[in-house]
Amino acid sequence: MALASRHLLGLNGVPKEDIQLILDTARTFREVLERPIKKVPTLQGKTIVNLFYENSTRTRISFELAQKRLSADTINFSTSTSSTKKGETFKDTVRNIEAMKVDMIVVRHQSAGVPHYLTRISNANIINAGDGLHEHPTQGLLDMYSINEKLGRLEGLNVCIVGDVAHSRVALSNIFGLKTMGANVSVCGPATMIPIGIEKLGVKVFHRIDDAIKNNDVLNVLRIQLERDAGRRIPSLREYHQFFGITTDRIKNHNPDILILHPGPINRGVEISSEAADGPYQIILDQVTNGVAVRMAVLYLLGTMH
Amino acid sequence: MALASRHLLGLNGVPKEDIQLILDTARTFREVLERPIKKVPTLQGKTIVNLFYENSTRTRISFELAQKRLSADTINFSTSTSSTKKGETFKDTVRNIEAMKVDMIVVRHQSAGVPHYLTRISNANIINAGDGLHEHPTQGLLDMYSINEKLGRLEGLNVCIVGDVAHSRVALSNIFGLKTMGANVSVCGPATMIPIGIEKLGVKVFHRIDDAIKNNDVLNVLRIQLERDAGRRIPSLREYHQFFGITTDRIKNHNPDILILHPGPINRGVEISSEAADGPYQIILDQVTNGVAVRMAVLYLLGTMH
Amino acid sequence: MALASRHLLGLNGVPKEDIQLILDTARTFREVLERPIKKVPTLQGKTIVNLFYENSTRTRISFELAQKRLSADTINFSTSTSSTKKGETFKDTVRNIEAMKVDMIVVRHQSAGVPHYLTRISNANIINAGDGLHEHPTQGLLDMYSINEKLGRLEGLNVCIVGDVAHSRVALSNIFGLKTMGANVSVCGPATMIPIGIEKLGVKVFHRIDDAIKNNDVLNVLRIQLERDAGRRIPSLREYHQFFGITTDRIKNHNPDILILHPGPINRGVEISSEAADGPYQIILDQVTNGVAVRMAVLYLLGTMH
């Protein structure tokens, strides 16, 4: 079996069978991660460039580990050590990198659409590691993998995405992927953080966090991205926490069985209390582990296509 | 066969047979780059340090890819993440790195002569990846490889280097290498950018770009290095483009068969129009691909010497 | 034989047999470094993260080379390319990295105790590469290895540590390690740089450098760490050099057989004259070479524990 597309640009439009194939393949690699030797020779001799125009710890390291465990050769390109200030266009930079016979490019960029653009100017497989406010598909996939691992299914589950949905590529990838897999998706957050017309995507809106907790099986709690000016959309962090923060009290009172996800990094005491972030109902670090396995699956499936 | 020197510091004085050996070896590696598995075990267990005192995208990545495809272990040293601010002398830094039993050092430095200096304080093979205004030999080699690949020979060809010749290490490496291989080399640019007395190197000077196009088989168009203060040597970028910029009109009117090279990164609309940079007579991206093969050849020939 | 602890946090409390085992193992790897192929497959499939919160050239490269020569996969995390500004706690960053199934973490941090803390929140083997003013155990080990290699023993030797002992993690690791191995340890420096009560550690204090040279077999000369505000503890660098600087005159006059060590980077003309730093009685670059072997030994012994 093979994927329909040779790129992973987003989860919008990706067929159910393809998401299922990635999740099934990830399960195999998840087992490899428990072995003493966490390495397979699958992508030996392949070259992968990590083209990160935004700083990142976890996503970059997660991809790099996935690549090394598949025995690929990796090149890291980051704007801090490059000559991007020499006035070269982005297109010329990418065409140059591609001319060096690179097999795959993992790209993170502040502008939505950059990964799509790369597919037009490069022959490499393109994997979107986050583009502006558009999508972050491997995050969506690892969230689905983690939910399914814990609850045994995605179909029919009620999943609510909490926080600054309007400015979140994680939210969009979750919405597209979860709906394709048959989950019921809702969002919850202050009015300034919920996109107008989101109901058209088949997404329900909760205005009160207690209702969201009560009526869902899973909460995916987004981080308040202070570095992206999120503070301008809420009166104060304290007020945000008071009205929308996830706390152990709220969970106990409204739905002790709920499953909590968070893509990290966590702002403890803002979108989630420190106690809740370490509680028994959350699987935040499982998401991180699963992320490596999901990225190995995506790299493997794309890198071995004919 | 083996090279005469165990270092590659410049093309000045390198014998014709050695340049030919590098170009012939590069052809083998160029074929490796077309394979699905672009990797050979030749330099397994060898350690190569990339010592880059100037930021660089393409040269650093090109060398790093060449090293990984030869299965060498690579260490990147760049001033941005190092402790060079601790007051250590350059000599002590290098002697320290060398004491870690490094086999080869690829060095880029803003000062001419640094690679020569390294050969006196280190036992490693030294490869110059650009030193001040002196030389950039692997660029000269990849330019010659690319011309020969396209036109089938170097001997007797008329090659003109266009632009800020006086402040270009690419120009010097081209002049030395091409003349050794029997090409006729000329330069063209504003008077402020042509070194006084360059005729003594056996190099002809064109003052008008149309004459240069008319009377040559190949133009190697240098980039106007705005980051190196090139703007002070010309009245304006617009005027430079008007008098010396390569355009499709100029090519069509004066020599539609000419071959255009450019070492990159391109300033579109300055030394070359955007249309000409993407035209059928240029081989700019071939140069990039060939650069990896040429660097693999140099690393292989130096790394396996006895 | 195996080490008592699965971490290397410092040399304080490490049993004599463990130090001996590391030094003996390092001798084997020191021989590997003289081979054309300096690589062994020992840690293939293991993942090591270099978590450097302080910039570093030699220690980071030394560890990275040691890792690659053991065939481990390495990930470099440095604050300059990471998202540490996103407000995540240090604990969450580390737990995230560890959740990616990392086998070992090499950590350098400006705060004393960070490596100990890591052992409580991570399952990986932790190696301290320098924590604040606390310890730098692999430096202590490589110093002992180098002394033993040159003088054939550690027991009964008189070793004096010269300089800003009060603000040196190198000094502390030397004191703990050397005393465990049976050496007599002393210190020498201006009163502002000698910790009050250091005699309680069984350490003798010399106030005059000439006495220290006269009465010791080995001097370990610390660098004046100007980047750590050392200038505030001495009237001037010139005066420091006059009273405590190691010069060839002083060595010749007081003890021509003395062995000089320096952890680098050297401030020539401050703690040691340029002539003395290059003299026949010093083994500064041997220390660097031995450092790679000692780090290979530590990584090997910790990485293959059951």
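The values are calculated or read from the model by the stated rules, or taken from the named source; none is laboratory data. Keep in mind it's a predicted model, so treat the numbers as computed, not measured. Cβ: placed from backbone, ideal geometry, glycine included. Neighbour counts: every protein chain shown. Just the protein is used for accessible areas: all its heavy atoms, side chains included, with ligands, DNA and RNA removed. Shrake-Rupley method; radii C 1.70, N 1.55, O 1.52, S 1.80 Å.
If you take the residues in the stretch A:192-205 that are more than 12 Å from A:GLY163 (Cβ to Cβ) and touching a residue at least 12 places away in the same chain (Cβ under 8 Å), which one is surrounded by the fewest Cβ atoms within 10 Å (Cβ to Cβ)? Walk me through it before giving the result.
Our first condition is that a residue be more than 12 Å from A:GLY163 (Cβ to Cβ); within the stretch A:192-205, this holds for A:195-205.
Then keep just the ones that are touching a residue at least 12 places away in the same chain (Cβ under 8 Å); that gives A:195, A:198, A:201-205.
Working: A:PRO195: 19, A:ILE198: 19, A:LEU201: 14, A:GLY202: 11, A:VAL203: 21, A:LYS204: 16, A:VAL205: 16.
Per the stated criteria, the residue is A:GLY202.
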How many residues are under 24 Å from C:LEU201 (Cα atoms) and hydroxyl-bearing (Ser, Thr, Tyr) when one looks only at the stretch C:1-41? 1
Breaking point among (1) open to solvent by 10 Å² or more (accessible area, probe 1.4 Å); (2) in contact with a helix residue (DSSP H, G or I) (Cβ under 6 Å, 6 or more places away or on another chain); (3) farther than 22 Å from A:GLU64 by Cβ, for C:SER78: (3)
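Here's the yes/no breakdown for (1) under 20 Å from the mean Cα position of the chain (by Cα); (2) surrounded by fewer than 20 Cβ atoms within 10 Å (Cβ to Cβ):
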residue	(1), (2)
A:ARG27	yes, yes
A:GLU34	no, yes
A:SER62	yes, no
A:ASN96	no, no
A:GLY113	yes, yes
Kindly list, by first and then second residue, each pair from a residue in the stretch B:28-46 that is facing another protein chain (nearest Cβ under 7 Å) and of a type in the set (A, V, I, L, M) to a residue that is open to solvent by less than 80 Å² (accessible area, probe 1.4 Å) and in a loop (DSSP other than H, G, I, E, B), limited to pairs with Cβ atoms under 6 Å and residues at least 6 apart or on different chains. B:LEU33/A:LYS101; B:ILE37/A:GLY45
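One residue is enough: does the stretch A:155-163 have a residue meeting the conditions farther than 30 Å from B:ASP229 by Cα, open to solvent by 10 Å² or more (accessible area, probe 1.4 Å), within 13 Å of chain B (Cβ to nearest Cβ) and of a type in the set (Asp, Glu)?
As a first pass, look at the stretch A:155-163 and keep what is farther than 30 Å from B:ASP229 by Cα: A:155-163.
Within this subset, residues satisfying the condition of being open to solvent by 10 Å² or more (accessible area, probe 1.4 Å) are A:155-156, A:158.
From the residues that got through so far, the ones that are within 13 Å of chain B (Cβ to nearest Cβ) too are none.
Checked against the condition, which is being farther than 30 Å from B:ASP229 by Cα, open to solvent by 10 Å² or more (accessible area, probe 1.4 Å), within 13 Å of chain B (Cβ to nearest Cβ) and of a type in the set (Asp, Glu), the stretch A:155-163 yields no hits at all.
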Before we move on, is A:HIS167 more than 14 Å from chain B (Cβ to nearest Cβ) and over 21 Å from A:LEU3 (Cα atoms)? yes
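Would you confirm whether any residue within the stretch C:83-98 is closer than 26 Å to C:PRO265 by Cβ, at the interface with another protein chain (Cβ under 10 Å from one of its Cβ atoms) and touching a helix residue (DSSP H, G or I) at 6+ places or on another chain (Cβ under 8 Å)? Step through it out loud before you land on a result.
As a first pass, look at the stretch C:83-98 and keep what is closer than 26 Å to C:PRO265 by Cβ: C:84.
Filter once more, keeping what is at the interface with another protein chain (Cβ under 10 Å from one of its Cβ atoms): C:84.
Subset that is touching a helix residue (DSSP H, G or I) at 6+ places or on another chain (Cβ under 8 Å): C:84.
Yes, that holds for at least one residue.
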Positions within the stretch C:254-283 being part of a helix (DSSP H, G or I), open to solvent by 10 Å² or more (accessible area, probe 1.4 Å) and either free of Cβ contacts under 8 Å to residues at least 40 places away in the same chain or within 10 Å of another protein chain (Cβ to nearest Cβ) (or both), in sequence order: C:SER274, C:GLU275
Quick one: in the stretch B:99-122, of everything that is part of a loop (DSSP other than H, G, I, E, B) and not polar (S, T, N, Q), which residue is farthest from the other protein chains (Cβ to nearest Cβ)? B:GLY113
Matching entry among B:ILE126, B:ILE161, B:ILE175, B:ILE213 (being assigned by TED's automatic domain parsing to the domain that holds B:PHE63 and not in a loop (DSSP other than H, G, I, E, B)): B:ILE126
Of all residues in the stretch C:235-249, which are assigned to a helix (DSSP H, G or I) and open to solvent by 50 Å² or more (accessible area, probe 1.4 Å)? C:LEU237, C:ARG238, C:GLU239, C:GLN242, C:PHE243, C:ASP249
For the stretch A:48-60, which residues satisfy the criterion of being in contact with a Ser or Thr (Cβ under 8 Å, 6 or more places away or on another chain) and within 14 Å of chain B (Cβ to nearest Cβ)? A:ILE48, A:VAL49, A:ASN50, A:PHE52, A:TYR53, A:ASN55
Out of the stretch A:123-135, which residues are open to solvent by 10 Å² or more (accessible area, probe 1.4 Å) and either basic (Lys, Arg) or away from chain B (no Cβ under 14 Å) (or both)? A:LEU133, A:HIS134
Take the residues in the stretch A:136-153 that are within 22 Å of A:PRO280 (Cα to Cα) and outside any helix (DSSP H, G or I), then tell me which one is least open to solvent (accessible area, probe 1.4 Å). A:GLY152
Of C:LYS150, C:LYS101, which residue is more than 20 Å from the chain's Cα centre (by Cα) and charged (D, E, K, R)? C:LYS101
Pairs please, first residue from the stretch B:54-79 and on the phi > 0 side of the Ramachandran plot, second anywhere and open to solvent by 10 Å² or more (accessible area, probe 1.4 Å) and assigned to a loop (DSSP other than H, G, I, E, B), Cβ atoms under 9 Å, 6+ apart in sequence or on different chains. B:SER71/B:LYS39; B:SER71/B:VAL40; B:SER71/B:PRO41; B:SER71/B:THR42; B:SER71/B:GLN44; B:SER71/B:LYS46
It is to be established whether one or more residues within the stretch B:61-72 are of a type in the set (Asp, Glu), facing chain A (nearest Cβ under 9 Å) and closer than 27 Å to A:LYS101 by Cβ. yes
With the structure loaded, tell me whether A:HIS109 is under 24 Å from the mean Cα position of the chain (by Cα) and open to solvent by 40 Å² or more (accessible area, probe 1.4 Å) or whether it fails that test. no
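Within the group C:ARG208, C:ARG120, which residue is of a type in the set (D, E, K, R), surrounded by fewer than 18 Cβ atoms within 10 Å (Cβ to Cβ) and in the same structural domain as C:ILE272 (by TED's automatic domain parsing)?
None of the other options fit; the residue is C:ARG208.
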Within the stretch A:216-229, track down each residue that is hydrophobic (A, V, I, L, M, F, W, C), in contact with a strand residue (DSSP E or B) (Cβ under 8 Å, 6 or more places away or on another chain) and not in a loop (DSSP other than H, G, I, E, B). A:VAL218, A:LEU219, A:VAL221
Taking the stretch B:178-189 and the residues there that are part of a loop (DSSP other than H, G, I, E, B) and touching a helix residue (DSSP H, G or I) at 6+ places or on another chain (Cβ under 7 Å), the one that is nearest to B:GLU271 (Cα to Cα) would be B:GLY189
Using the structure shown, decide if A:ARG232 is in the same structural domain as A:TYR281 (by TED's automatic domain parsing) and either in a helix (DSSP H, G or I) or touching a Leu at 6+ places or on another chain (Cβ under 7 Å) (or both). yes
Which members of the stretch B:284-300 meet the condition of being more than 8 Å from chain A (Cβ to nearest Cβ) and either open to solvent by 20 Å² or more (accessible area, probe 1.4 Å) or closer than 17 Å to B:ILE209 by Cβ (or both)? B:TYR300
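Restricting the search to the stretch B:36-53, which residues are assigned to a loop (DSSP other than H, G, I, E, B) and either surrounded by fewer than 19 Cβ atoms within 10 Å (Cβ to Cβ) or of a type in the set (Val, Ile, Thr) (or both)? Spell out the reasoning first.
The initial filter retains those residues of the stretch B:36-53 that are assigned to a loop (DSSP other than H, G, I, E, B), namely B:36-46, B:53.
B:PRO36, B:ILE37, B:LYS39, B:VAL40, B:PRO41, B:THR42, B:GLN44, listed by residue number.
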